[in-house]
Amino acid sequence: MPSASLPDTLAAPPRPFPDRGWHAAPCPRRGAWCALLASLALLAPAARAQDADRAESPYFFVQGAQPGVDALPLKRTDVRVRVSGVIADVVVTQRYRNEGTVPIEARYVFPGSTRAAVSGLNVRVADRLVVARIREKQQARIEYDAARRAGQTAALLEQHRPNVFQMNVAHVLPGDEVQVELRYNELLVPEGGKYRFVFPTVVGPRYASPRAPAPDAAAPDRAAAHAQAFPAQPVLRAGQPGASAFNLTVDLDSPVGIQELRSPSHAIDTRMDAGAAARRASVRLADASSRGTAQSDNRDFILDYRLAGGAIQSGVLMQRGEKENFFLAMVQPPQAVPAARINPRDYVFVVDISGSMHGFPLDTAKALMRELLGGLKAGDTFNVLLFSGSNRFLAPRSVPATPANVEAAMRTIERMGGGGSTELLPALRRVYAEPKPADLARTVVVVTDGYVTVESEAFALVRRHLGQANVFAFGIGSSVNRHLMEGLARAGMGEPFVITRPRDAPAHAARFRQLIASPVLTSVQARFEGIEVYDVEPPQLPDVLAERPVIVFGKWREPAAGPSQGGLTLSGGTVPAAGAQPRLVVEGRAAQGPYRQELPITLPQEGASALRHLWARHRIAALSDEEALTGGDAQRAAITRLGLDHGLLTLYTSFIAVDKVVRHPGGRSATADQPSPMPEGVTDLAVGEASALGAAVSSTPEPAAWAAMAVVLAVLAARRMRRRRGTFTA
């Protein structure tokens, strides 16, 4: 590639107006007004976009906006987590109480794990327990609206994203306490021998681009509509404590000793069994700490731990069911070996400098970029695209990763401040429009907090261009949109990273370089002997880029007549002798040469019921990815059927609970949208200014808008001066 140099600074933007002309000679009043109208026309699209997106805009919460209404009905959230082996069982209890004088409908947008299989919802009103039912989404909404009109207390749980949910609780009467309990399971997948449990506590304010296609009003529950639709979300000012209490406890039960138990996000109190090989541990938020229970719900809760000897729980879990049997296989791959020779690569870094990145997130991104750029090899080339509402490359084309070019790029990045909207899609399109030599491997690295509503469109865009580049996603901040980061990496056959603190940047950058250097296992094949497997997820095993286990979900039955052909990438094998124990054989190619591992399988009399939910959740995620790539709702019927058959919350199914007692005849209630804290480290620039509850929020103006406003101000100033001088005529 021809050598190029990186300029110290970006090209200067066009001046908003010329240095001469406006204040030279008096101009006719008609000309001034024409200029004013033209300038206002430039601003009109933004205003119209704000009006159109009013329902989707985040806004600051205003206390006391509705007299007599308790605007903060969510009083407490308690989270109980039990980790048995590699499966976490989570119960979230939300307690709503109406301390106002009028009945209310409480609405609350809250986050969840991207891997969560939400399988249960109960509602307790006074001494009555109501068990929710899973319904097709539109049917659940109809039942909820009917109960609300009839004056019955009801709860509706809907999914807006795999990690964003909305709870509606109708008819909470003055003095009432309503307790809502939801349950989900999650698989904990270790990385480099370290296990991590994450409980997201807050939904960051999402930017809905006016440039993106509007939802289809004629089909409000279609996937195309959901790609952009996002509930109106009130948020508290930055630094304002959360409006409700939050508490969390975790109980760990492991067949291997637990070591290095810690939380990088919160202060915790820990109790463990005596001895060096403690297999049980209990964790709760510390009481007397600002990083414990005080203001603990403005960032993700993260718990890290290792098992004795750095082992992971390899093996095959089996479950017998009434109709079908399920399995989960987790196989530890070989350790990475440094590659003797690494071919040069081209790197394109896509860095978010929008308003929500202002302050701590952008400071963290800058620390990360210094580590990433500093780790490039002499033969590599790179470029940097900075984006907010607009985007700009630092150089016309990729440049060699020389120390001078790296330092010039960092000088420009260090001068950046956060401001503007978050136009991710135009930035990605511009990256893919850049040509590259056919023999050069390109890696795209996206650095953002992910506070956008265009996840599906971004996934589809990345997958369509998979032949041009693979994608690694770095999420920056205390409450990252993990759905976006994980989806980008999955679509781009890369890996996601989440950095919550600037000091963690070096470790994540080092892991990124290790991943790029050499996969640890390629040409992965698996076969089951002694049992027959089917409906296997994933249908083909990808290369293993890190020290992460090979994960396989599926269904099984017995006996098998030969090596299973259950949809995996399989190789030949032999059938165990009669009475021999069934086994799983995993083969591939590691850096050291051929790789093979065998795991024995014990057929159970009964098993963990969570496997059924985890298999269905994994299949739903795969179908959702396929739907995002093809557009429309081609997989809607399949996803709906999986949700109904396995009792899971999905994009097309919801949980509905209705109390049979009519408690509020007439059915009229005020609405209370429970506000969320601003994520830790995010400033008010993520939302902008709002003059009243529910007012549309404008993003920070982009350069074109600033130019138009400058013209308006110049025209008005010129007119005022001419009036003083008598240059304007009546």
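Select from the range 148-177 the residues that are surrounded by fewer than 20 Cβ atoms within 10 Å (Cβ to Cβ) and among the aliphatic types (A, V, I, L, M) and list them in ascending order.
Passing the criteria: Ala150, Leu173.
Select from the range 373-414 the residues that are free of Cβ contacts under 8 Å to residues at least 60 places away in the same chain, of a type outside the set (A, V, I, L, M, F, W, C) and part of a loop (DSSP other than H, G, I, E, B) and write down the one among them that is nearest to Tyr347 (Cα to Cα).
Once the filter is applied, the top-ranked residue is Asp380.
Of all residues in the range 79-116, count the ones that are within 27 Å of Met318 (Cβ to Cβ), surrounded by fewer than 21 Cβ atoms within 10 Å (Cβ to Cβ) and of a type outside the set (Val, Ile, Thr).
5
Restricting the search to the range 58-101, which residues are part of a loop (DSSP other than H, G, I, E, B) and in contact with a Lys or Arg (Cβ under 9 Å, 6 or more places away or on another chain)? Outline the logic, then answer.
If we filter the range 58-101 for residues that are part of a loop (DSSP other than H, G, I, E, B), which is where we start, we get 61-73, 85-86, 98-101.
Phe61, Asp70, Pro73, Glu99 - these are the residues of the range 58-101 that are part of a loop (DSSP other than H, G, I, E, B) and in contact with a Lys or Arg (Cβ under 9 Å, 6 or more places away or on another chain).
Please go through the range 460-477 and give me each residue that is open to solvent by less than 10 Å² (accessible area, probe 1.4 Å) and within 20 Å of Leu545 (Cα to Cα), ordered by number.
Matches in the range 460-477: Val462, Ala469, Val471, Phe472, Ala473, Phe474, Gly475.
Residue-by-condition table, conditions (1) of a type in the set (Phe, Trp, Tyr); (2) assigned to a strand (DSSP E or B); (3) surrounded by fewer than 20 Cβ atoms within 10 Å (Cβ to Cβ):
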position: Ala489; (1), (2), (3): no, no, no
position: Gly494; (1), (2), (3): no, no, no
position: Asp504; (1), (2), (3): no, no, yes
position: His508; (1), (2), (3): no, no, yes
position: Phe512; (1), (2), (3): yes, no, no
position: Phe528; (1), (2), (3): yes, yes, no
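Can you run down the residue pairs with Cβ atoms below 8 Å, 6 or more apart or on separate chains, where the first is in the range 267-286 and outside any strand (DSSP E or B) and the partner is surrounded by 12 or more Cβ atoms within 10 Å (Cβ to Cβ) and among the polar types (S, T, N, Q)?
If the second residue must be surrounded by 12 or more Cβ atoms within 10 Å (Cβ to Cβ) and among the polar types (S, T, N, Q), the pairs left are Ala267/Ser289; Arg279/Ser254; Ala286/Thr293.
Quick one: would you say Leu484 is in a helix (DSSP H, G or I) and crowded, with 21+ Cβ neighbours inside 10 Å? Spell out how you get there, then give the answer.
On the way: in a helix (DSSP H, G or I): yes; crowded, with 21+ Cβ neighbours inside 10 Å: yes.
When the stated conditions are applied, Leu484 passes them.
Of all residues in the range 431-458 being assigned to a helix (DSSP H, G or I) and under 14 Å from Phe393 (Cβ atoms), which is most open to solvent (accessible area, probe 1.4 Å)?
Filtering the range 431-458 down to residues assigned to a helix (DSSP H, G or I) leaves 431-433, 455-458.
After this cut, where a residue has to be under 14 Å from Phe393 (Cβ atoms) as well, the list is 431-433.
Values: Val431: 4, Tyr432: 18, Ala433: 75 Å².
Ranking the candidates gives Ala433 first.
Yes/no matrix, rows are residues, columns are (1) farther than 26 Å from Val331 by Cα; (2) of a type outside the set (D, E, K, R); (3) free of Cβ contacts under 8 Å to residues at least 60 places away in the same chain:
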| residue | (1), (2), (3) |
| --- | --- |
| Thr448 | yes, yes, no |
| Thr453 | yes, yes, no |
| Gln468 | yes, yes, yes |
| Glu537 | no, no, no |
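Filter the strands (runs of 3 or more DSSP E) completely within the range 133-188 down to those with at least 2 residues that are of a type outside the set (S, T, N, Q) and under 24 Å from the mean Cα position of the chain (by Cα). I'd like the intermediate steps shown before the answer.
Details: elements: 133-136, 152-161, 164-172, 177-187.
Once the strands (runs of 3 or more DSSP E) in the range 133-188 are filtered for at least 2 residues that are of a type outside the set (S, T, N, Q) and under 24 Å from the mean Cα position of the chain (by Cα), what remains is 152-161, 164-172, 177-187.
Could you say whether any residue in the range 411-430 is over 30 Å from Pro58 (Cα atoms) and open to solvent by 30 Å² or more (accessible area, probe 1.4 Å)?
In the first step, residues of the range 411-430 are kept if they are over 30 Å from Pro58 (Cα atoms); the result is 411-412.
From what's left, open to solvent by 30 Å² or more (accessible area, probe 1.4 Å): 411.
Yes: the range 411-430 contains one or more residues that are over 30 Å from Pro58 (Cα atoms) and open to solvent by 30 Å² or more (accessible area, probe 1.4 Å).
What residue, among those in the range 217-261 that are polar (S, T, N, Q) and either in a loop (DSSP other than H, G, I, E, B) or modelled with pLDDT under 90 (or both), is most open to solvent (accessible area, probe 1.4 Å)?
To start, the set of residues in the range 217-261 that are polar (S, T, N, Q) comprises 228, 233, 240, 244, 247, 249, 254, 259.
The next check asks that each one be either in a loop (DSSP other than H, G, I, E, B) or modelled with pLDDT under 90 (or both); those that pass are 228, 233, 240, 244, 254, 259.
On the way: Gln228: 12, Gln233: 4, Gln240: 83, Ser244: 23, Ser254: 11, Gln259: 67 Å².
Taking the candidates together, the pick is Gln240.
Got a number for residues in the range 56-71 being surrounded by fewer than 18 Cβ atoms within 10 Å (Cβ to Cβ) and not small (Gly, Ala, Ser)?
First, pick out the residues of the range 56-71 that are surrounded by fewer than 18 Cβ atoms within 10 Å (Cβ to Cβ): 62-68.
Going one step further and asking which of them are not small (Gly, Ala, Ser), we end up with 62-63, 66-67.
The number of residues fulfilling the criteria is 4.
Quick check on my filter: what residues within the range 120-147 are touching a helix residue (DSSP H, G or I) at 6+ places or on another chain (Cβ under 7 Å) and buried (at least 21 other Cβ atoms within 10 Å of the Cβ)? Please lay out each step first, then the result.
From the range 120-147, those touching a helix residue (DSSP H, G or I) at 6+ places or on another chain (Cβ under 7 Å) are 134-136; that's our starting set.
Of everything in the range 120-147, just one residue is touching a helix residue (DSSP H, G or I) at 6+ places or on another chain (Cβ under 7 Å) and buried (at least 21 other Cβ atoms within 10 Å of the Cβ), namely Ile134.
Being in contact with a strand residue (DSSP E or B) (Cβ under 9 Å, 6 or more places away or on another chain), without any contact (Cβ under 8 Å) to a residue 12 or more places away in the chain, over 14 Å from Ser654 (Cα atoms) and small (Gly, Ala, Ser) is the requirement here; does Ala146 meet it? Spell out how you get there, then give the answer.
On the way: in contact with a strand residue (DSSP E or B) (Cβ under 9 Å, 6 or more places away or on another chain): yes; without any contact (Cβ under 8 Å) to a residue 12 or more places away in the chain: yes; over 14 Å from Ser654 (Cα atoms): yes; small (Gly, Ala, Ser): yes.
Criteria met by Ala146.
Residues are listed down the side, and each one gets a yes or a no for (1) out of contact with any Pro (no Cβ under 7 Å at 6 or more places or on another chain); (2) of a type in the set (Lys, Arg); (3) closer than 22 Å to Thr422 by Cα:
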position	(1), (2), (3)
Leu362	yes, no, yes
Gly375	yes, no, no
Val384	yes, no, yes
Arg392	yes, yes, yes
Val399	yes, no, no
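List every residue pair whose Cβ atoms sit under 6 Å apart, with the two residues 6 or more apart in sequence or on different chains, where the first one lies in the range 632-654 and is at positive phi and the second, anywhere, is modelled with pLDDT of 95 or more and β-branched (Val, Ile, Thr).
Close Cβ pairs (under 6 Å, with a partner that is modelled with pLDDT of 95 or more and β-branched (Val, Ile, Thr)) amount to Gly647/Ile134.
If I filter the range 302-314 for residues that are crowded, with 20+ Cβ neighbours inside 10 Å, assigned to a loop (DSSP other than H, G, I, E, B) and modelled with pLDDT under 90, do I get at least one hit?
Yes - at least one qualifying residue is present in the range 302-314.
The values are calculated or read from the model by the stated rules, or taken from the named source; none is laboratory data. Keep in mind it's a predicted model, so treat the numbers as computed, not measured. No Cβ is skipped: glycine too gets one built from the backbone with ideal geometry, and neighbour counts run over all protein chains shown. The area values use the complete protein model at the heavy-atom level, side chains included, leaving out ligands, DNA and RNA. Shrake-Rupley method; radii C 1.70, N 1.55, O 1.52, S 1.80 Å.
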